[in-house]
Structure formats: C-alpha cells, structure tokens
1. Would you pick out the residues in segment 143-170 that are in contact (Cβ under 8 Å) with a residue 60 or more places away in the chain and assigned to a loop (DSSP other than H, G, I, E, B)?
2. I'd like to know if segment 220-232 contains one or more residues that are touching a residue at least 12 places away in the same chain (Cβ under 8 Å), over 20 Å from Phe307 (Cβ atoms), more than 14 Å from ligand 2 (Cβ to nearest atom) and surrounded by fewer than 19 Cβ atoms within 10 Å (Cβ to Cβ).
3. Among the numbered conditions (1) in contact (Cβ under 8 Å) with a residue 40 or more places away in the chain; (2) surrounded by fewer than 19 Cβ atoms within 10 Å (Cβ to Cβ), tell me where Asp353 comes up short.
4. Which residues, counting only those in segment 198-216, are touching a residue at least 24 places away in the same chain (Cβ under 8 Å) and either surrounded by fewer than 24 Cβ atoms within 10 Å (Cβ to Cβ) or more than 15 Å from ligand 2 (Cβ to nearest atom) (or both)?
5. Tell me yes or no: at least one residue of segment 50-59 is within 12 Å of ligand 1 (Cβ to nearest atom), hydrophobic (A, V, I, L, M, F, W, C) and assigned to a helix (DSSP H, G or I).
6. Which residue, of Glu87, Glu145, is more than 16 Å from ligand 2 (Cβ to nearest atom) and within 20 Å of Leu279 (Cα to Cα)?
7. Would you check which residues across segment 324-349 are open to solvent by 20 Å² or more (accessible area, probe 1.4 Å) and not charged (D, E, K, R) and list them?
8. The conditions are (1) out of contact with any Asp or Glu (no Cβ under 7 Å at 6 or more places or on another chain); (2) within 13 Å of ligand 1 (Cβ to nearest atom); (3) open to solvent by 30 Å² or more (accessible area, probe 1.4 Å), and Thr110 fails exactly one of them. Which is it?
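The values are calculated or read from the model by the stated rules, or taken from the named source; none is laboratory data. Just so it is clear, the structure is predicted and the values come from calculations on it, not from any experiment. Cβ coordinates were reconstructed from backbone atoms using ideal geometry, including for glycine residues, and neighbour counts include every protein chain displayed. Heads up: the accessible areas ignore ligands, DNA and RNA and are worked out on the full protein's heavy atoms, side chains in. Shrake-Rupley method; radii C 1.70, N 1.55, O 1.52, S 1.80 Å.
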Amino acid sequence: MKGICILGSTGSIGVSTLDVVGRHPNRYRVVALTANNNVDLLFEQCMAHKPSYAVLLDEIKATELRGRIKAASLQTEVLCGVSALEEVASLPEVDSVMAAIVGGAGLLPTLAAAKAGKSVLLANKEALVMSGDLFMKEVAKAGAELLPIDSEHNAIFQCMPANYHAGRRAPEVRRILLTASGGPFLNKQLHELHDVTPDEACAHPNWVMGRKISVDSATMMNKGLEVIEACLLFNLPPEQLQVVVHPQSVIHSMVDYVDGTVLAQMGNPDMRIPIAHALAWPDRFESGAEPLDLFAVGQLNFQTPDFERFPNLRLAYEAVRAGGIMPAVLNAANEVAVAAFLEQRIRFTSIPDIIEYCMVNTAQRPANTIDCVLDADKESRALADSHIFKKHSH
Ligand code: NAD
Ligand code: MG
C-alpha cells in the first residue's frame, strides 16, 4: 500500500487523480489533499477519501473546513499556508506526490517532494520550466523518481528505451516529436484572434482542463512550455525536438530512434491514462478511460506549427535557448498576461507582446539557486503588471 499526497486535489488533474486512485483502494491510501480555496470540494474529497491531512492556503477557509471536518467526525487534520504544502509533500508516510497545482505557486511544494526523495508525478509543468536544471539536480541528488503526467511527456516516457529514468540522456534517440492539438484557434486567421473572448479560448476541442492551461493551449504557450519541459525531462537540446500539430489528439507524442524507428503512444484524450500509468508504474492498471476506437477516429492528420500566428511558441524556443532565468521570466510574464486576459483587461493578441516585453527588459543571469529563480519570477511579474497598467489603464 502506497501513500499519496495530491497537491491541487480540487483541480482538473487532482479530480482525475482521485478518480483513478479510488479505483485501486488496495494500492493507494490518500494521506494529504491540498487546495487553494475551494472548501466545498475539498470537504467532499475528505469525506470520500479520509486523508490524514487537508491543506488550504487561506486561513479563514481553513478554519471553515476545520469546523466542517469536526462536525462530520472525520479525523483529518486541517493545515494552512505554503509551508504546510511543503510539509505534507515531505511526510514520511507519503510515497508519491501528485504535483497538480497550477503555475509557479507549485514550485516550492513540488521541490520539497523531490528533495524528500518522493516519487514525483509531475503535472505542474510551470514548476519545472521555472527551476529547470536546479529541479532536475535535486531529483537526482535525492534519488527521487520523476514521472511525467503531461500527456505528451508521459507518452514520450513510455516510448523511451527500457528502464529509462527522467533526466537521463538516451543517445539512441534522434528526435522527439511533440504533438500539439493546435487548440481552439488552429484554423483562425491572425486578424480574427484579436477579438476572441476568454470563454472561446477555454473551449478546447479535445481536452477539458483548468482555465489557465486552456488559454495556454489557445496561444500555444502550452506547447512552448512543453518544449522546455521536454528538454529537461529527456535531457535533449531544443534542436532535437519537433512540434507536430496533430488536431485529433490521439497520438500523444513520438520518439524517433537513430535506426529510423518511430514509436508513438496513442489513446483517447483522457488524462486518467497518463495518471494511471504513473500511479501504477512500472506495472499497469485500469484508468477508467474508454478504449480507443480507431474507426471512430478515422484519420490522423499532421501539420507544421505556425510561428507567425502563435508567437508564444517562438518565445519559448528563445527562452530555452537563452537558458538562465529566461524560462522563469517567460513563465511569470505568461501567468500575469493570461490572468489579465481571463479578467478581460487585455486582448488575446496582447499576451505574446507582454511576454516579449518582459524577456527583452529583464537582464539575463544564471539561475544558480532557487532564490535566483524566485527573484526573476517576481521581477518579471512586476514588469508585466506595470506594462499592462501603462498600456491598458486608459
Ligand atoms: P486547475 O486550475 O483545474 O487546478 C489547479 C489546482 O491548484 C486547484 O486544486 C487549486 O486549488 C490549486 N491552486 C491554484 N492556485 C494555487 C495556489 N496559489 N497555491 C496552492 N494551490 C493552488 O488546473 P489543472 O488543469 O488541473 O492543471 C494543473 C497543472 O497540471 C497545471 O500546471 C497544468 O499545466 C498541468 N496539466 C494539466 C492538464 C489538464 O488536463 N488539466 C494536462 C497537462 C498538464
Ligand atoms: Mg500536454
């Protein structure tokens, strides 16, 4: 029986994780669940999974949850704040940590799990993009297992050589073919992108996800972040990574070997598949996903990505080539810009402008320590905020 901590249990990935875990009560015990502020869902999850700990970021919400837990005679201890996230991610009774917080807020708790030598199931790509090699070094130092949850990276992991571990260089791999659905605006012209609304951007054709990653899919920053994520997880330079637009989202990515073999991982677009893969690894068990019906799919199409309509993809390649703090700067500016777009303070097409502004106006430096990364993150957020304020406040 393994103990699991789910960071971000009330989100899209968190809910899917509990769905899979609930199918295998003899394999996993839920030790800790955490959320930002969704008391109702966290309480419901506590009733269903009886964790030892539940964490909320907000003190008032935590007090509310504590009252409801007590009234229901549950044994769950309610904690509060960022340090509590780090604490539950490092508990001795926790074997696996699902890192499913969205954005840079997940960095410290995910890093704590790695440092504690846990099996880290990584959905929170922003944490890895920000901290890059530093994160990979902590994983190696602690002997932690790093299992990708992002469907593409999980697919690549499954197609890598036998006994592959994240971070290892595989010289027999020629290229990684990273598939992209292209998002809801794949066939829109540049001028049409000017007036799209948050709801249109969040209506992904194949996947139901949180709003931040949905907007990232629409701008293709999601793919940009995934390029950086793949370089780190699979220890390859960006030149060995090709983005392939594949609108059906049936092939989740491919590995191209030096002998000409291309291995693909396929399946329905259901995040319970990569989640179940990582939870059962190195075994397999049921995920609850429907079997793939290739006759219903009919066709698989492939096209080249359009760097003109989706400048975020270019910016992400620039950031990974620049290295140092640039991936953190890119990520932070993107988080601020996406939040502003979701609040209808800026246009969809302003998102890449803000990111480029922050990248151009931040002095490059090495990302030697986590404090350097956190400083760069803070600086870029402030720069993005002031740029939005200047350009859009009147
Ligand atoms: P979501 O918005 O649905 O859920 C986010 C979770 O994080 C929630 O539980 C929320 O309470 C928590 N959270 C938010 N802000 C927080 C903060 N400041 N501090 C602590 N907790 C906080 O997001 P999601 O779609 O589940 O995505 C989670 C992560 O997984 C993201 O990094 C995303 O890129 C990645 N991912 C998601 C999918 C998907 O299908 N949803 C696929 C691949 C990768
Ligand atoms: Mg993905």
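1. Result: Ile149, Asp150, Met160, Ala166, Gly167, Arg168, Arg169, Ala170.
2. Filtering segment 220-232 for residues touching a residue at least 12 places away in the same chain (Cβ under 8 Å) gives 220-232.
Then keep just the ones that are over 20 Å from Phe307 (Cβ atoms); that gives 232.
Okay, now just the ones that are also more than 14 Å from ligand 2 (Cβ to nearest atom), so 232.
Subsequent filtering for residues that are surrounded by fewer than 19 Cβ atoms within 10 Å (Cβ to Cβ) retains none.
Taking every residue of segment 220-232 in turn, none turns out to be touching a residue at least 12 places away in the same chain (Cβ under 8 Å), over 20 Å from Phe307 (Cβ atoms), more than 14 Å from ligand 2 (Cβ to nearest atom) and surrounded by fewer than 19 Cβ atoms within 10 Å (Cβ to Cβ).
3. Answer for Asp353: the failing condition is (1).
4. If the condition is that a residue be touching a residue at least 24 places away in the same chain (Cβ under 8 Å) and either surrounded by fewer than 24 Cβ atoms within 10 Å (Cβ to Cβ) or more than 15 Å from ligand 2 (Cβ to nearest atom) (or both), then Pro198, Ala201, Pro205, Asn206, Trp207, Val208, Met209, Gly210, Arg211, Lys212 are the ones that fit.
5. no
6. Numbers: Glu87 fails: within 20 Å of Leu279 (Cα to Cα).
Only one candidate qualifies: Glu145.
7. Scanning segment 324-349 gives Gly324, Ala339, Leu342, Gln344, Thr349.
8. (3)
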